[in-house]
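Structure, as structure tokens:
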Amino acid sequence: MSALLQVSSIETLYFDRIYALFGVSLEVEEGGIFTVLGPNGAGKTTLLKTVAGLLKDQPKKGEIHFAGQRIDGWQPEAIARLGVVYVPEDRGLFRELTVEENLELGLWGRHDAGIAKDLAFVYEMFPILRERARQQAETLSGGEQQMLALGRAMLRRPRLLMLDEPSLGLAPRIAKSVYEALTAISKTGTTILLVEQNARLALGVAQRGAIFEAGRVVLEGNARELGDNADVREVYLGVGTTEEPAKEWRLYRKKRRW
């Protein structure tokens, strides 16, 4: 597979002096799922916003290519027209509107013959949305709101779907169903760039991924390699090492090998 998104040595600053990303480079293959893992403040959300053009005059350095076109410095609406759809952590719903009205906004500007088919796909993937069609978005559960956000995003027919913490605040069973939907979305040919703190869920669906810490990529590889890495297992998957305990108890922070 070829790279749909190429990020090359980008540096993103806030207030022109606070570095959020330092020389970040990665490639997202077309049709695949790429996950970005890391702690709070690592720069994961900043990466998505930079790609989407939502941070004015950013990145300060580096280049971003999408489908062979250089897009850094473009206005967000121009990037969106290329098929880049960003679902933020707060899901970006119009809370006072109904489920049906939110989905209609996903169809804004579309006049093609595929609308009915796309709506049927969304309702098949998330049947609860059909049941809640006349219900205000703010009255939905967290999981239902995430499903609505995903459904609305899919109605834009994205080439690249960027998701920020889709499992945040969801019960494990609901989070699992959301991730099953991501697998189904990927099978339609949609490329997914996924930011997540739940490493176990993310690595379960992704083909490749990267670990961010303090605005840098500290580790990158395929999902299996990341899942087998001792430091990733201990820090992000909660799987301890098999080393014998020390004779004397000590409090220390293990030095990671990246």
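The values are calculated or read from the model by the stated rules, or taken from the named source; none is laboratory data. Note that the structure is a prediction, hence the values are computed from the model and not measured. Note that each Cβ is placed from the backbone with ideal geometry, even for glycine, and that neighbours are counted across all protein chains shown.
What to note about this one:
- Which listed residue is under 16 Å from Ile10 (Cβ atoms) and under 14 Å from the mean Cα position of the chain (by Cα), from Lys56, Lys44, Lys61: Lys44
- Residues considered: Gly143, Gly114, Gly73. Of these, the only one that is under 30 Å from Leu55 (Cα atoms) and either hydroxyl-bearing (Ser, Thr, Tyr) or outside the structural domain of Ala184 (by TED's automatic domain parsing) (or both) is Gly143.
Yes/no per residue for (1) in contact with a Leu (Cβ under 9 Å, 6 or more places away or on another chain); (2) within 24 Å of Gly227 (Cα to Cα):
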| position | (1), (2) |
| --- | --- |
| Ser2 | no, yes |
| Phe15 | no, no |
| Ile18 | no, no |
| Val28 | yes, yes |
| Phe34 | yes, yes |
| Ala42 | no, yes |
| Trp74 | yes, no |
| Ala80 | no, no |
| Glu101 | no, no |
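- Number of residues in segment 157-177 that are in a loop (DSSP other than H, G, I, E, B) and touching a helix residue (DSSP H, G or I) at 6+ places or on another chain (Cβ under 6 Å): the value is 4.
- Residues of segment 1-38 that are farther than 20 Å from Asp57 by Cα and touching an Asp or Glu at 6+ places or on another chain (Cβ under 7 Å): Met1, Ser2, Ala3, Leu4, Leu26, Thr35, Leu37, Gly38.
- Subset of segment 105-135 (residues that are of a type in the set (Gly, Ala, Ser), free of Cβ contacts under 8 Å to residues at least 12 places away in the same chain and on the phi < 0 side of the Ramachandran plot): Ala113, Ala116, Ala120
- As a summary of the residue check, Tyr86 satisfies the conditions (1) within 18 Å of Leu48 (Cβ to Cβ); (2) free of Cβ contacts under 8 Å to residues at least 40 places away in the same chain; (3) aromatic (Phe, Trp, Tyr); (4) not in a loop (DSSP other than H, G, I, E, B) except for the one numbered (2).
- Screening Leu168 against (1) outside the structural domain of Gln197 (by TED's automatic domain parsing); (2) surrounded by fewer than 21 Cβ atoms within 10 Å (Cβ to Cβ) leaves a single unmet condition, (1).
- Filter result (exposed (fewer than 14 other Cβ atoms within 10 Å of the Cβ) and not in a loop (DSSP other than H, G, I, E, B)) within segment 14-42: Tyr14, Ile18
- Identity of the residue in segment 44-88, of a type in the set (Gly, Ala, Ser) and surrounded by fewer than 16 Cβ atoms within 10 Å (Cβ to Cβ), that ends up nearest to Val7 (Cα to Cα): Gly68
- Only one entry in Ala181, Ala153 is at pLDDT below 95 and either within 15 Å of the chain's Cα centre (by Cα) or among the hydrophobic types (A, V, I, L, M, F, W, C) (or both), namely Ala181.
- Segment 197-232, subset touching a strand residue (DSSP E or B) at 6+ places or on another chain (Cβ under 6 Å) and among the charged types (D, E, K, R), residue surrounded by the most Cβ atoms within 10 Å (Cβ to Cβ): Arg208
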